[in-house]
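The values are calculated or read from the model by the stated rules, or taken from the named source; none is laboratory data. On a predicted model such as this, the values are computed, not experimentally measured, just so you know. Here the Cβ is made from the backbone with ideal geometry for all residues, glycine too, and neighbour counts use every protein chain on show. All accessible areas refer to the heavy atoms of the entire protein, side chains included, with ligands and DNA or RNA removed. Shrake-Rupley method; radii C 1.70, N 1.55, O 1.52, S 1.80 Å.
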Amino acid sequence: MAKFDVYDIKMKKVGDIELSDDNFAAELNKSLLYEVAKMQQINRRRGTVMVKNSSLVSGGGKKPWKQKGTGRARQGSTRASQWVGGGKAMGPKPRDYEYHVPKKVRKAAIRAAISKRNADKALFIVKEWNPAKPSTKEAVSTLAKLGFGNALVIDLKGNATLFKSVRNAKGYKFLPAEGANVYDILRHETLVLTEASAKALEGALQ
């Protein structure tokens, strides 16, 4: 078990917490991080790009001239791809890019991403953060005073005031513990966990 310092939102130490080495001090596996981050990015692709081929372009049902005797190349339709206004040959079609990796691999990658932030001295655990009311200005000011110019904040899903405070802040993002993922952890320079979310992540990553 690894011991972590726990701070308040003024960066004053108020205690410590023991968390599993398997989840917060795991071995770095770059290929695992790459595979899961790539999966997340690819699964965001819509795959809706499309052009019309000759069968989808309206008109051109009549053969423009007879097959033989004109001296011109034979043509079957004015909507063939070589004609102006014709369909596109071998153009893109809608497709699904989505793919998945096993749940064990995703969990292992999240453990590796959190452990990397810990190894980089960029993992901070705060006792709690419960703003009295939603305020982006106050949240940005608090994070800036702590020296976090770019950070991912993770707390329990029920903390709506913190979510509303952070969601519009440039350079910062809030996620519930259930939504922790490799891409967002690696995309932000600092990872800020509340004590409750750290325990929730430890339970979810077992």
With 0.36 nm assigned to each residue of separation and the Cα-Cα distance removed, ALA80 to LYS3 gains 20.7 nm
What are the equivalent ellipsoid semi-axes of region 40-179, built from the alpha-carbon gyration tensor (square roots of five times its eigenvalues), in whole angstrom, biggest first? 59, 19, 13
Under-15-angstrom lysine pairs by C-alpha in region 128-206, whenever the two are 8 or more apart or on separate chains: 8
With a 10 Å cut-off between alpha carbons and a GNM built on the chain, which of LEU156, LEU123, LEU146 moves the most? LEU146
If you plug each phi of region 65-82 into the Karplus form 6.51 cos²θ - 1.76 cosθ + 1.60 with θ = phi - 60°, what whole-Hz ³J(HN,Hα) values come out, in order, with x for Gly and Pro? 7, 5, 5, 10, x, 9, x, 9, 5, 5, 9, x, 7, 7, 9, 5, 5, 7
Give the calculated FRET efficiency between ALA204 and LYS173 to the nearest 0.05, with a Förster radius of 22 Å applied to their Cβ-Cβ distance. 0.70
Under a 10 Å cutoff between Cα atoms, tell me which one of LYS66, LYS133, LYS170 has the largest fluctuation in the Gaussian network model of the chain. LYS66
Restricting to DSSP loop positions (anything but H, G, I, E, B) with no more than 13 other Cβ atoms inside 10 Å of their own Cβ, which GluC sites (Glu not before Pro) remain in region 1-53? GLU27
Which value, in Å² and to the nearest 10, is the accessible area of ASP8 when all protein chains are kept and the probe is 1.4 Å? 40 Å²
What list of ³J(HN,Hα) values in whole Hz, one per residue of region 190-205 in order, does the Karplus curve 6.51 cos²θ - 1.76 cosθ + 1.60 (θ = phi - 60°) give from phi, with Gly and Pro shown as x? 10, 10, 10, 10, 7, 4, 5, 6, 4, 5, 5, 5, 4, x, 6, 8
Put TYR172, TYR99 in order of accessible area, largest first, probe 1.4 Å, and you get TYR99, TYR172
Among GLY85, GLY149, GLY15, which one shows the biggest mean-square fluctuation in a GNM of the chain, springs joining Cα atoms closer than 10 Å? GLY85
Checking the cross-link filter: which aspartates and glutamates have an alpha carbon closer than 19 Å to that of LYS103, excluding same-chain neighbours under 8 positions apart? ASP22, GLU27, GLU35, GLU178, ASP184, GLU202
